[in-house]
Amino acid sequence: MKKLSRRTFGKLSLGVAMSVVVGGTELRLLRPAYAAVATPAIDSTTAWGAAAAKEPINVLNQKPIGIVVHHTTNPNTNDFTRNKAWQVARQIQQSHFNRGWIDTGQQFTISRGGWIMEGRHQSLSILQGGTKHVQGAHVDGHNETHIGIECEGLYMNVTPSLPLWNKLVALIAYICQQYGLTANAIVGHRDLDSTSCPGDTLYSLLPQLRTAVDTTLSGGAVGRMWPILRRNTPATGLAKTMQYLLRARGATITADGAFGPGTETAVKSFQTANGLTSDGVVGAATWEKLIMTLRSGDTGEAVKALQNQLTVQSYPTTIDGSFGTGVNTLVRAFQTNRQLTVDGVVGLNSWNNLAM
Ligand SMILES: [Zn+2]
């Protein structure tokens, strides 16, 4: 169990920093000067058709002090629609009723399609008020003090979808703003209880989540999120896609999904050749240099990377290195489902979504 690191700043007025002038130098006091964080769209319990709670909701006259990230362990659906999100919310509520709970356990749920939903009744209005806390049922011993966010999916070995991740950052930044919390308030369920939740991969991303939330709170631009691949990560389809891209850039490695020493060497060479830090770790900067814009008629290893990654994302196709009409149809279907520009051209946005 990890001790919660938190700082108390007292009452906040948003976007206002206290400062004093000492010897002509302006000093900022320990009080976060939050940029106005955009209020994310959140579908209410009414919107997704929640059943009534079995008993009155307990609203505590205190602010929460922590934010717990969970994963639902549902299969990682490729249905990113709002209807699917609402269906998941109703399923969760029913399963929590079946456990004898009065309502959905967590205060908020985010679907793989990036739809944020109110979980337990009243959680949305209480969050908007910014002074009280809806007692949930998501983490033993901390329900009176912590807000729970359930991320739809199972994140033991894979990174959450890009829309889910982006909305997780947005929702937590908003929660921090409403209650005067910092990103240090973010914990994983496993920090507080004996559980694998929120999955090894999502848990490993919590430092990045805190950084992204901090950046959002300070009004900075959060960079694109990409999955991180490094030597000895378990063999995955995504690693194979990355290997095809390296081959497209001239590497002579085998695309087998296993990130071994040969792949690491190839990554380092690619990084050196492209002015990147040569650490052998494939993160955002390396991904954005590795990908190539692809369209109908293209051929080669980069197209194999696309075909492999479409297959990983449940748009299965033969990996023959030829971007024909079949691939074009799949790319457009993917772009439609992800609410991207539907043009059949695989550029930065499409690659970013394909990777997550
Ligand atoms: Zn959990």
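The values are calculated or read from the model by the stated rules, or taken from the named source; none is laboratory data. Computed from a predicted structure; not experimentally measured. Don't worry about glycine lacking a Cβ; one is built from the backbone with ideal geometry, like all the others, and counts go over all protein chains shown. These area figures cover heavy atoms from the full protein model, side chains too; ligands, DNA and RNA do not enter into them. Shrake-Rupley method; radii C 1.70, N 1.55, O 1.52, S 1.80 Å.
Answer yes or no: is there a residue in the stretch 84-93 that is basic (Lys, Arg) and either touching a helix residue (DSSP H, G or I) at 6+ places or on another chain (Cβ under 9 Å) or open to solvent by less than 50 Å² (accessible area, probe 1.4 Å) (or both). Taking every residue of the stretch 84-93 in turn, at least one turns out to be basic (Lys, Arg) and either touching a helix residue (DSSP H, G or I) at 6+ places or on another chain (Cβ under 9 Å) or open to solvent by less than 50 Å² (accessible area, probe 1.4 Å) (or both).
Is it true that Ile116 is of a type in the set (A, V, I, L, M), out of contact with any Gly (no Cβ under 6 Å at 6 or more places or on another chain) and either more than 24 Å from Arg82 (Cα to Cα) or open to solvent by 40 Å² or more (accessible area, probe 1.4 Å) (or both)?
Answer is no for this residue.
Kindly evaluate Thr195 against the criterion of being in a helix (DSSP H, G or I) and closer than 27 Å to Val139 by Cβ. Taking the combined requirement at face value, the residue does not satisfy it. Put simply, of Thr265, Thr252, Thr277 the only residue that is part of a loop (DSSP other than H, G, I, E, B) and over 20 Å from Asn308 (Cα atoms) is Thr277. For Thr277, the stated conditions do not hold, so it cannot be described as more than 27 Å from the chain's Cα centre (by Cα) and either at pLDDT 95 or above or more than 14 Å from Pro227 (Cβ to Cβ) (or both). The set of residues in the stretch 233-249 that are of a type in the set (A, V, I, L, M, F, W, C) and outside any helix (DSSP H, G or I) contains only Ala235.
Number of residues in the stretch 130-167 that are touching a residue at least 24 places away in the same chain (Cβ under 8 Å) and open to solvent by 10 Å² or more (accessible area, probe 1.4 Å): the value is 20. Among the residues making up the stretch 180-221, those that are of a type outside the set (A, V, I, L, M), away from the ligand (no atom under 16 Å from the Cβ) and either surrounded by fewer than 21 Cβ atoms within 10 Å (Cβ to Cβ) or under 27 Å from Thr77 (Cα atoms) (or both) are Gly180, Thr182, Asn184, Pro207, Gln208, Arg210, Thr211, Asp214, Thr215, Ser218, Gly219, Gly220. Taken together, Thr77, Thr46, Thr25 contain a single residue that is modelled with pLDDT under 95 and more than 29 Å from Leu217 (Cβ to Cβ), which is Thr77.
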